[in-house]
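Engineer: Take a look at this one; I'll ask things after.
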Protein chains: 2
Amino acid sequence: MNLLLVEAREINPVGRVHVHDARARHLIHVLHVEPEQVIRVGIVDGPVGTGRVVHVGHGAVDLDCLFETQVPARPPVDLLLALPRPKVLQRLWAQVAALGVGRVMLCNAARVERNYFDTHVLSEAVYRPLLLEGLQQARDTHVPVVSVHRQFRVLVEDALEDMSPGSRRIVADPSGAIPLGRAAVEATGRVLLAVGPEGGWNRFELDLLARHGFVCGGLGGRTLRSDTACIAMLAVVHEALRGRRQ
Amino acid sequence: MNLLLVEAREINPVGRVHVHDARARHLIHVLHVEPEQVIRVGIVDGPVGTGRVVHVGHGAVDLDCLFETQVPARPPVDLLLALPRPKVLQRLWAQVAALGVGRVMLCNAARVERNYFDTHVLSEAVYRPLLLEGLQQARDTHVPVVSVHRQFRVLVEDALEDMSPGSRRIVADPSGAIPLGRAAVEATGRVLLAVGPEGGWNRFELDLLARHGFVCGGLGGRTLRSDTACIAMLAVVHEALRGRRQ
């Protein structure tokens, strides 16, 4: 944990926060915080700041917090991800949040098994703590907005423009003629990255994405497992966007 | 499995291969191969080619194989990795092989727990099948050369130049002033990427690496878990090197 995330409602009017759950256990038993120590804190979907430890005891920590006035920018990348196997998705939540995404749209595809939609890994009670874990690792406060779409075509044709307006749209595919980094660096605003299921998108899906403005971007000839691909591609897109800003 | 890997000794003088282990089970029960079907095959550390299925039965598959004369190039990146937790390393083997590395040097560091060196995940019997799994996914034949180094200083001072001669050396660090992709694109030959433990390299280690030619390259301000960092950094370095070749 490189940043302690707290909800806005946990902060009292004079900036005092009392944590007494898994975060407190981590502060006490892993980080060994002591009174007067100052740690990084952040408000979920809000600004970052500092927290001075005022009391440690009975499995709880009290901090006096001061927050910056400006909220950091939301990560400039959104992810449209064909629903992976539950075990893979479980592992991905924290990593995706740590790498930085504004939105995660989980969708159906021909090569997604139907029973993947019944998993508990899709319930907010399961994924939200994992997203927060990733944010606390990467020192971000923006919880990715998660949505689940059982109808791929409806998502692409009707919902996408509202959910990720004006984005540079890139579909990751081993056949991608354009190197992924080059495809991303041409974005003037946000990037929307579509990552397919194990076995890839089928022809219908690739055509539908192409008709809706997605260009094909690739990582070279190697075919990656969908979780590895997801991390690799987010990293390359972020690196390209950083290069653009410099 | 996107490529069936076989050992050179498994091929008889007329190019016939008989597989009857987990690979055969995958060919039969997942890929549902049938006689006359042609699949991609590769020789471990050798060329790729095609295999025509001649017989399927009793949990075994026979193929007639034809191999190209040229062996594909070894991935141009080597990895010096502070030994991660066994559970994390177990997950990393296949992913690192899929992304492509020539060598993996696992080393000690101040923030590596000593008992990590006692894990079975460091035995070749455990990691070799995982490396082959990653290669079969990515259609590569080059098994990364793995070595374990309990003395970080001895490795950096004495062994590194022989193991990765003439490489562009980059140490991944959140403080990295140079974006990682830019640091890699300046390589004229191979890249050697050093990825630290959870909690990072300490000052002594960073200084030692700097004195031995490592430049500090970063992925921006986000601190990543070491397995996420490893995948993200390999992806960005490969993308930079691909850009260089085009």
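The values are calculated or read from the model by the stated rules, or taken from the named source; none is laboratory data. Keep in mind that this is a model prediction, so the values were computed, not measured. Don't worry about glycine lacking a Cβ; one is built from the backbone with ideal geometry, like all the others, and counts go over all protein chains shown. When the accessible area is computed, the model is the full protein with side chains, heavy atoms only, and any ligands, DNA or RNA have been set aside. Shrake-Rupley method; radii C 1.70, N 1.55, O 1.52, S 1.80 Å.
Engineer: Plugging the Kirkwood radius over Cα pairs into Stokes-Einstein for region B:4-67, at a temperature of 37 °C and a viscosity of 0.692 mPa s, what D comes out in µm²/s? Let's see the in-between values first.
Structural biologist: Numbers: Rh = 11.4 Å.
Here the translational diffusion coefficient equals 288 µm²/s.
Engineer: Right, something else. If you roll a 1.4 Å probe over the heavy atoms of the protein chains, what accessible area per residue do you get for the protein assembly as shown, in Å²? Each step should come with its number before you reach the end.
Structural biologist: Details: 21620 Å² over 492 residues.
On a per-residue basis, 44 Å².
Engineer: So what's the angle, to the nearest 10 degrees on a 0 to 90 scale, between helix B:124-138 and the longest Cα principal axis of chain B?
Structural biologist: Compared with the principal axis, the helix lies near 80 degrees.
Engineer: Given the DSSP H assignment, sum -39500 (n - 2.57) over each helix run of at least 4 residues in the protein assembly as shown and divide by its residue total; what's the result at 222 nm in deg cm²/dmol, nearest 500?
Structural biologist: Result for the protein assembly as shown: -9500 deg cm²/dmol, rounded to the nearest 500.
Engineer: Quick check: net charge around B:His18, other residues with Cβ under 13 Å of its Cβ, Lys/Arg +1 and Asp/Glu -1?
Structural biologist: Summing Lys and Arg as +1 and Asp and Glu as -1 gives -2.
Engineer: Provide the solvent-accessible area of A:Tyr116, counting protein heavy atoms only and rolling a 1.4 Å probe, rounded to the nearest 10 Å².
Structural biologist: Accessible surface of A:Tyr116 is approximately 40 Å².
Engineer: I've got another one for you. Using Cα-Cα distances under 8 Å and only pairs 6 or more residues apart, what relative contact order does chain B have, in percent? Could you put the intermediate results ahead of the total?
Structural biologist: Details: 467 pairs, mean separation 47.1, N = 246.
Normalised by residue count, the contact order of chain B is 19 percent.
Engineer: With a/c under 1.5 counting as rounded, go ahead and sort region B:93-132 into rounded, prolate or oblate using the C-alpha gyration tensor (a ≥ b ≥ c being the square roots of the eigenvalues; past the cut-off, prolate if a/b is larger than b/c, else oblate).
Structural biologist: Oblate, since a/c reaches 1.5 and b/c is not below a/b.
Engineer: Which of A:Leu131, A:Leu99, A:Leu31 moves most in a GNM of chain A, Cα contacts under 10 Å?
Structural biologist: Highest fluctuation of the listed residues: A:Leu31.
Engineer: When the Karplus curve 6.51 cos²θ - 1.76 cosθ + 1.60 is applied with θ = phi - 60°, which whole-Hz ³J(HN,Hα) does each residue of region A:39-50 get, with x for Gly and Pro?
Structural biologist: Ordered by residue, 3J(HN,Hα) equals 10, 7, 10, x, 9, 3, 6, x, x, 9, x, 10 Hz.
Engineer: Hey, got the average number of other protein chain Cβ atoms within 10 angstrom for residues in A:214-223?
Structural biologist: Whole-number average of other-chain Cβ neighbours for A:214-223 is 4.
Engineer: Which distances in nm, rounded to one decimal and ordered from shortest, link the label point of B:Ala125 to the equivalent label points in the other identical copies, with labels set 7 Å from Cα toward Cβ?
Structural biologist: Spelled out, the distances from B:Ala125's label point are 4.3 nm.
Engineer: Moving on. Calculate what fraction, in whole %, of the accessible area of the protein assembly as shown sits on carbon and sulfur atoms when a 1.4 Å probe is rolled over the protein chains.
Structural biologist: 52
Engineer: Now for a different question. Let me know the shape class of region B:77-245, please: from the alpha-carbon gyration tensor, a ≥ b ≥ c as square roots of the eigenvalues, rounded when a/c is under 1.5, otherwise prolate if a/b is greater than b/c, or oblate. Before the final figure, lay out the partial values.
Structural biologist: Working: a/c = 1.43, a/b = 1.10, b/c = 1.30.
Rounded.
Engineer: Once you have a ≥ b ≥ c as the square roots of the Cα gyration tensor eigenvalues for region B:190-246, tell me rounded if a/c is under 1.5, and otherwise prolate or oblate according to whether a/b is larger than b/c.
Structural biologist: Details: a/c = 2.50, a/b = 1.34, b/c = 1.86.
In terms of gyration-tensor shape, oblate.
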